[in-house]
């Protein structure tokens, strides 16, 4: 499978760490639960502008992927969806690593998300 990140999205879905669809993703972004936003390539321009604005104002990485709404939905076992919010920093780091191989925008956010994931892992380890 060329798009290994889709498999990671499936794992994140099963772990309950995704907000799938426009409304769920918007709620996750505005409640600051989202760590990363993935947007389908064929989402409407208005949807892209809206989510780009929200994610930028909330300082949450926004990545437009080359997959269509239908491909994203099929990969997640759902109906076609334009937006998917990843709500776990570990999954976000793993997904952005895979995406950075094929997507310039993901490369820009890669270091930031991976750094946040490492800090979160260190805090978790320190608690134990």
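The values are calculated or read from the model by the stated rules, or taken from the named source; none is laboratory data. In this text, all values refer to a predicted model and were calculated from it rather than measured experimentally. Every residue, glycine among them, receives a Cβ derived from its backbone with ideal geometry; neighbour counts consider all protein chains shown.
Key figures for this structure:
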{"item": "Any hit, the stretch 112-121, residues being in contact with a strand residue (DSSP E or B) (Cβ under 6 Å, 6 or more places away or on another chain), in contact (Cβ under 8 Å) with a residue 12 or more places away in the chain and part of a helix (DSSP H, G or I)", "result": "no"}
{"item": "Breaking point among (1) in a loop (DSSP other than H, G, I, E, B); (2) out of contact with any helix residue (DSSP H, G or I) (no Cβ under 6 Å at 6 or more places or on another chain); (3) crowded, with 18+ Cβ neighbours inside 10 Å, for residue 59", "result": "(3)"}
{"item": "Filter pass, residue 85 being in contact with a helix residue (DSSP H, G or I) (Cβ under 8 Å, 6 or more places away or on another chain), surrounded by 21 or more Cβ atoms within 10 Å (Cβ to Cβ) and not in a helix (DSSP H, G or I)", "result": "yes"}
{"item": "Residue 22 over 28 Å from residue 121 (Cα atoms) and either in contact (Cβ under 8 Å) with a residue 12 or more places away in the chain or over 14 Å from the mean Cα position of the chain (by Cα) (or both)", "result": "yes"}
{"item": "Hits in the stretch 30-46 (condition: modelled with pLDDT under 95 and part of a helix (DSSP H, G or I))", "result": "30"}
{"item": "Pick from the stretch 7-29, criterion part of a loop (DSSP other than H, G, I, E, B) and either touching a strand residue (DSSP E or B) at 6+ places or on another chain (Cβ under 8 Å) or surrounded by 17 or more Cβ atoms within 10 Å (Cβ to Cβ) (or both), ranking: modelled with the lowest pLDDT", "result": "21"}
{"item": "Given (1) over 19 Å from residue 55 (Cα atoms); (2) exposed (fewer than 13 other Cβ atoms within 10 Å of the Cβ), index of the condition residue 111 fails", "result": "(1)"}
{"item": "Any chance residue 64 is free of Cβ contacts under 8 Å to residues at least 40 places away in the same chain, surrounded by fewer than 20 Cβ atoms within 10 Å (Cβ to Cβ) and over 13 Å from residue 10 (Cα atoms)", "result": "no"}
{"item": "Residues of the stretch 1-15 classified as farther than 13 Å from residue 72 by Cα and within 13 Å of the chain's Cα centre (by Cα), total", "result": "2"}
{"item": "Every residue from the stretch 66-81 that is touching a strand residue (DSSP E or B) at 6+ places or on another chain (Cβ under 6 Å) and farther than 14 Å from residue 19 by Cα", "result": "none"}
